[in-house]
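Trainee: Just dropping this structure here.
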Amino acid sequence: MVIADFAFILVAAFVLICACVVVFHNKIIYSAFALLFCFFGVAGLYVFLNAEFLAGTQLLVYVGGISVLILFGILLTKNIEDLTSKEVSTQKIFGGLISVTFLGGLIYMVNSVDWKVSTPKPIENSPVEIGKLFMSDFLIPFEIAGVLLLVALIGAVVIGRDTDKDLEV
Amino acid sequence: MDIATQNLIFSVLKVALVIKVLLLGVTMVILAERRFSAFMQDRLGPNRTFYGGLGQSFADGIKLILKEDVIPTHVDKLTYMIAPIVMMTPALMTGAVIPFGPTIPIAGISLPFIGENLTPLVLQVADINVGLLYFVAIASIGVYGIVMGGWAQNNKYSLLGALRASAQMVSYELPMGLALVTVVLMSGSLSMNEIVAHQQETFWYVLNFPAFMIFLITIFAETNRLPFDLAECEQELVAGYHTEYSSMKFGMFLLAEYGNIITSSALVVTLFFGGWDIPFVDESALGLFGVILSMSVFGLKTSIFIFIFIWVRWSLPRFRYDQLMNVSWKGILPLSILTVVGTAVIMVLLKNFYH
């Protein structure tokens, strides 16, 4: 499957470049936009792992929700979008040494571990299986998360409704 | 020819077809909107270019491409360039999961150039099993085009438009998700094909009327159309997030808006009006004629909803910003929670009828 390999390399490179922009760019808003594209690319990686449901959820939660909140924070904060963070590096030798050592350790780790390749065939209709697991093995975490989110949802409505009353009292 | 090559050929053909239909559809919808708004305001509208105005949108497109592409000096160039792309890509991507016709049973039949077919042809670009989730996810990306464009132009009006749009989309995504949950509850599947098939077997989901109304309202908000078009509200914000865009970049914002209208209408039809299903008719008995008939019926239903989009835009005034938020958080959201609970209760009561 040459096309799949090519697509994988494209997506992986996209994620890496975006991640680098997030870390290295001076302007905070560029970092935020790059983070958004990075989340998007990670969803693409999930698709390559045959985890379509996870990919959809990734898009919905991280791209559709969390990134909007980050952008909100940046755009609503006065003058922060023009702020450029200056690099302050006082201990170049020590810092460089630690970085290089850490990088070497990581490369050694990646090379020495015997990475296991998953052999079973991907599940045909994965959402159904995920639903069954939610309702059996992971029932309690699922229910707790569900109740928590519902409380947050209703709480938001209640807070929104109450503001007028508080002003009168 | 082996099965992978065949699938590749058919996929490319289907992608080309969907994009073509969307882009040509956009020109027609723009023309329809202009003619219809003219009718409602007792004017004539564009009626000269090529047989009663049919060529007007093409002429406008050529005009937009040929115009000078002005980039103001104070804008942030990179974001300014990317924003129209980010805006338009999701608008075209969402068409991928909408089934526009029944499966054609061509397995075993020999075709020119391709040879003997190995699989039946599904009339849907990507028959993924999380189609509904995909649609919601991609639709939520559309807001970033507005935010990037609004920020890049470096002026207050555009930024305000962008902020309004994102706040509006975040607040209307919740009720939309809950309305879709009722659809999933009824169909028991996230796959668009199965949702259509289930509606064929039982009933059109529009019978669950509250869910349909909530979804229709939220889809108006998601496409930024009146009465929810605060992002580009002319009286307050000049033109909102695309104030300083010119030539084809502006054209791309326009394409994205109308492309969203088409895909949203198709989605409403797929989720609540049985997709390509013709009521009381067994399409599979009619053979190839049935396929063509089903696709035409799907187009007709979609056109009706596009018409409703246009009709509402030229009939209703705009919400004020606080009213917009109140409607969402205090009105539609509690209603949609009630709808989910009510649907679940009724489904348990009617369990024997369903299965």
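Trainee: Mind checking which residues of region B:65-77 are within 30 Å of A:Tyr30 (Cβ to Cβ) and open to solvent by 30 Å² or more (accessible area, probe 1.4 Å)? Walk me through how you get there before you give the answer.
Mentor: So in region B:65-77, the residues within 30 Å of A:Tyr30 (Cβ to Cβ) come out as B:65, B:67-77.
Residues satisfying the conditions are B:Ile65, B:Lys67, B:Glu68, B:Asp69, B:Val70, B:Ile71, B:Thr73, B:His74, B:Lys77.
Trainee: When residues of region B:272-295 are filtered for being in a helix (DSSP H, G or I), under 22 Å from B:Glu201 (Cβ atoms) and open to solvent by 30 Å² or more (accessible area, probe 1.4 Å), how many remain?
Mentor: 5
Trainee: A:Leu133: open to solvent by 90 Å² or more (accessible area, probe 1.4 Å), at pLDDT 80 or above, out of contact with any Gly (no Cβ under 6 Å at 6 or more places or on another chain) and hydrophobic (A, V, I, L, M, F, W, C), yes or no?
Mentor: So A:Leu133 fails the test.
Trainee: Still on this structure, please answer the following. Quick one: A:Asn50 ticks every box in (1) without any contact (Cβ under 8 Å) to a residue 12 or more places away in the chain; (2) closer than 20 Å to A:Val117 by Cα bar one, so which box is it?
Mentor: Every condition holds for A:Asn50 apart from (1).
Trainee: List every residue pair whose Cβ atoms lie under 7 Å apart, where the two residues are 6 or more positions apart in sequence or sit on different chains, the first residue falls within region A:114-127 and is at negative phi, and the second residue, located anywhere, is open to solvent by 100 Å² or more (accessible area, probe 1.4 Å).
Mentor: none
Trainee: Another question, then. For residues that are open to solvent by less than 30 Å² (accessible area, probe 1.4 Å) and in contact with a Pro (Cβ under 8 Å, 6 or more places away or on another chain), scanning just region B:309-355, find the one that is nearest to the other protein chains (Cβ to nearest Cβ).
Mentor: Among them, the one singled out is B:Leu333.
Trainee: Looking at B:Ser171, is it open to solvent by 10 Å² or more (accessible area, probe 1.4 Å), modelled with pLDDT of 80 or more and polar (S, T, N, Q)?
Mentor: Answer is no for this residue.
Trainee: With the checklist (1) crowded, with 20+ Cβ neighbours inside 10 Å; (2) closer than 18 Å to B:Ser166 by Cα in hand, flag the one item A:Ala55 doesn't pass.
Mentor: (2)
Trainee: Considering region B:137-146 alone, what residues qualify as being among the hydrophobic types (A, V, I, L, M, F, W, C), out of contact with any Leu (no Cβ under 6 Å at 6 or more places or on another chain) and within 8 Å of chain A (Cβ to nearest Cβ)?
Mentor: Initial filter on region B:137-146 (among the hydrophobic types (A, V, I, L, M, F, W, C)): B:137-139, B:141, B:143, B:146.
With out of contact with any Leu (no Cβ under 6 Å at 6 or more places or on another chain) added as a condition, the list becomes B:138-139, B:141, B:143, B:146.
The answer is B:Ile138, B:Ile141, B:Val143.
Rundown of residues vs (1) open to solvent by 30 Å² or more (accessible area, probe 1.4 Å); (2) at pLDDT below 80; (3) under 26 Å from A:Ala34 (Cα atoms), yes/no style:
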{"residue": "B:Ile82", "(1), (2), (3)": "yes, no, yes"}
{"residue": "B:Gly95", "(1), (2), (3)": "no, no, yes"}
{"residue": "B:Pro105", "(1), (2), (3)": "yes, yes, no"}
{"residue": "B:Leu133", "(1), (2), (3)": "no, no, yes"}
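Trainee: Mind listing whichever residues of region B:304-347 are among the polar types (S, T, N, Q), touching a helix residue (DSSP H, G or I) at 6+ places or on another chain (Cβ under 6 Å) and at pLDDT 85 or above?
Mentor: Of everything in region B:304-347, those that are among the polar types (S, T, N, Q), touching a helix residue (DSSP H, G or I) at 6+ places or on another chain (Cβ under 6 Å) and at pLDDT 85 or above turn out to be B:Ser336, B:Thr339, B:Thr343.
Trainee: How many of the residues making up region B:174-193 are facing another protein chain (nearest Cβ under 10 Å) and either open to solvent by less than 10 Å² (accessible area, probe 1.4 Å) or at negative phi (or both)?
Mentor: 7
Trainee: Separate question: Within region B:113-126, does at least one residue satisfy the condition of being of a type in the set (Val, Ile, Thr) and at pLDDT 75 or above?
Mentor: For region B:113-126, residues of a type in the set (Val, Ile, Thr) and at pLDDT 75 or above: present.
Trainee: Got at least one residue in region B:316-327 being polar (S, T, N, Q), without any contact (Cβ under 8 Å) to a residue 12 or more places away in the chain and in a helix (DSSP H, G or I)? Working first, answer last.
Mentor: Just the residues of region B:316-327 that are polar (S, T, N, Q), to begin with: B:323, B:326.
Remaining after also requiring without any contact (Cβ under 8 Å) to a residue 12 or more places away in the chain: B:323, B:326.
Those left that are additionally in a helix (DSSP H, G or I): B:323, B:326.
Yes, some residue in region B:316-327 is polar (S, T, N, Q), without any contact (Cβ under 8 Å) to a residue 12 or more places away in the chain and in a helix (DSSP H, G or I).
Trainee: Could you go through region A:47-57 and let me know if any residue there is outside the structural domain of A:Val11 (by TED's automatic domain parsing) and at pLDDT 80 or above.
Mentor: Looking only at region A:47-57, we keep the residues that are outside the structural domain of A:Val11 (by TED's automatic domain parsing), and these are none.
Checked region A:47-57: no residue is outside the structural domain of A:Val11 (by TED's automatic domain parsing) and at pLDDT 80 or above.
Trainee: Condition test on B:Ala152, is it within 14 Å of another protein chain (Cβ to nearest Cβ) and either surrounded by fewer than 19 Cβ atoms within 10 Å (Cβ to Cβ) or in contact with a Gly (Cβ under 8 Å, 6 or more places away or on another chain) (or both)?
Mentor: No.
Trainee: While we're here: Which of the residues belonging to region B:17-55 are open to solvent by 50 Å² or more (accessible area, probe 1.4 Å) and part of a helix (DSSP H, G or I)?
Mentor: B:Leu17, B:Ile19, B:Lys20, B:Val21, B:Leu23, B:Leu24, B:Met28, B:Arg34, B:Arg35, B:Phe39, B:Met40
The values are calculated or read from the model by the stated rules, or taken from the named source; none is laboratory data. From a predicted model like this one, the values you see are computed outputs, not experimental measurements. Heads up, the Cβs are rebuilt from the backbone with ideal geometry, glycines too, and the neighbour counts pull from every protein chain shown. For the accessible areas, the whole protein counts, side chains as well, though only heavy atoms, and no ligand, DNA or RNA atoms are used. Shrake-Rupley method; radii C 1.70, N 1.55, O 1.52, S 1.80 Å.
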